[in-house]
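Trainee: The following block contains the structure, expressed as structure tokens.
The values are calculated or read from the model by the stated rules, or taken from the named source; none is laboratory data. Owing to the predicted nature of the structure, the values given are computational and were not obtained by experimental measurement. Methodologically, a virtual Cβ is constructed for each residue, glycine included, from the backbone with ideal geometry; neighbour enumeration extends over all protein chains shown.
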């Protein structure tokens, strides 16, 4: 993925657990975990807004861009 | 802020959570979908009964005595008598059983597809496979019917029953094509579903 999610770092800085953040943001722990481990394909602005609100940070603190080809995990549903 | 009911997308082949089901389930009574559901259920039960009875008859046909029974094949231009051999009986019963059994299989897949619709997850990847199976079964059953009628007309009742031309296959071919095209549409739907699962 060319966009890296730095949720781990911000969580440590704010001393918040993933579960607590999930509760506050209104996303399941499973989904937040997908986001954290870089498996997400897209993030809604509404989710990003809620994350920034609860973590009191900017989107740039959560997301980093790594130049280079984007790698997506292969879809296993191809015919 | 929750835009979609919670669902664990990494376990996409497992059952959906109760919260999700209660949020999305609800095809109201009187809607087209509930009429379809009733039609599918009724048709399935009928076909299952018929196929069951036919299977029993087929089994019995292997053993019952067949002395001097004749079958009359008649058409507009007169008829002829055929001795009822065991092979003929088994062929006839077997063909009819396969016909109804084939449609029962199609209905079974169709009901499973419909179930994913009622729980709110119609683009489940399994539906692609089910649609292709339906297409294949339809092709085999209709092709088999055409071949069997050709065989009966040519060998068993020549001059009495006309063999069917290619034109009779036109509707079945189109039906099979439609089903396979829909399977591809559902494949794209499954891909979109996957994308939306991974949109946090």
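Trainee: Across region B:120-138, what is the total count of residues that are touching a helix residue (DSSP H, G or I) at 6+ places or on another chain (Cβ under 6 Å), surrounded by fewer than 18 Cβ atoms within 10 Å (Cβ to Cβ) and part of a helix (DSSP H, G or I)?
Mentor: Applying the first criterion (touching a helix residue (DSSP H, G or I) at 6+ places or on another chain (Cβ under 6 Å)) to region B:120-138 yields B:120, B:122-125, B:127-128, B:130-135, B:137-138.
Subsequent filtering for residues that are surrounded by fewer than 18 Cβ atoms within 10 Å (Cβ to Cβ) retains B:120, B:122, B:133.
Next, from what is left, pick out any that are part of a helix (DSSP H, G or I): B:133.
Of the residues in that region, 1 qualify.
Trainee: Away from chain B (no Cβ under 12 Å), more than 22 Å from residue B:194 (Cα to Cα) and within 13 Å of the chain's Cα centre (by Cα) - does that describe any residue in region A:44-52? So that I can check it myself, show each step before the final result.
Mentor: Step one: of region A:44-52, the residues away from chain B (no Cβ under 12 Å) are A:52.
From what is left, the residues that are more than 22 Å from residue B:194 (Cα to Cα) are A:52.
Filter once more, keeping what is within 13 Å of the chain's Cα centre (by Cα): A:52.
The answer is yes, given that some residue of region A:44-52 is away from chain B (no Cβ under 12 Å), more than 22 Å from residue B:194 (Cα to Cα) and within 13 Å of the chain's Cα centre (by Cα).
Trainee: Would you be able to tell me the number of residues in region A:1-42 that are touching a residue at least 12 places away in the same chain (Cβ under 8 Å) and within 14 Å of chain B (Cβ to nearest Cβ)?
Mentor: Qualifying residue count for the region: 18.
Trainee: Here's a follow-up. Among the residues of region B:142-179 satisfying the criterion of being surrounded by 16 or more Cβ atoms within 10 Å (Cβ to Cβ) and more than 24 Å from residue B:89 (Cβ to Cβ), which is modelled with the lowest pLDDT?
Mentor: Applying the filter and picking the extreme gives B:172.
Trainee: So, one more: Could you please let me know if residue B:198 is in contact (Cβ under 8 Å) with a residue 60 or more places away in the chain, within 30 Å of residue A:33 (Cα to Cα) and more than 14 Å from the chain's Cα centre (by Cα)?
Mentor: So residue B:198 passes the test.
Trainee: Please pick out the residue among B:170, B:138 that is touching a residue at least 40 places away in the same chain (Cβ under 8 Å) and more than 30 Å from residue A:47 (Cα to Cα).
Mentor: B:138
Table: residues versus (1) more than 14 Å from chain A (Cβ to nearest Cβ); (2) out of contact with any strand residue (DSSP E or B) (no Cβ under 8 Å at 6 or more places or on another chain); (3) at pLDDT 60 or above.
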site: B:24; (1), (2), (3): yes, yes, no
site: B:32; (1), (2), (3): yes, yes, yes
site: B:61; (1), (2), (3): yes, yes, yes
site: B:67; (1), (2), (3): yes, yes, yes
site: B:79; (1), (2), (3): yes, no, yes
site: B:91; (1), (2), (3): yes, yes, yes
site: B:98; (1), (2), (3): yes, yes, yes
site: B:104; (1), (2), (3): yes, yes, yes
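Trainee: Go through region B:180-198 and count every residue that is in contact with a strand residue (DSSP E or B) (Cβ under 8 Å, 6 or more places away or on another chain) and either assigned to a helix (DSSP H, G or I) or surrounded by fewer than 17 Cβ atoms within 10 Å (Cβ to Cβ) (or both).
Mentor: 1
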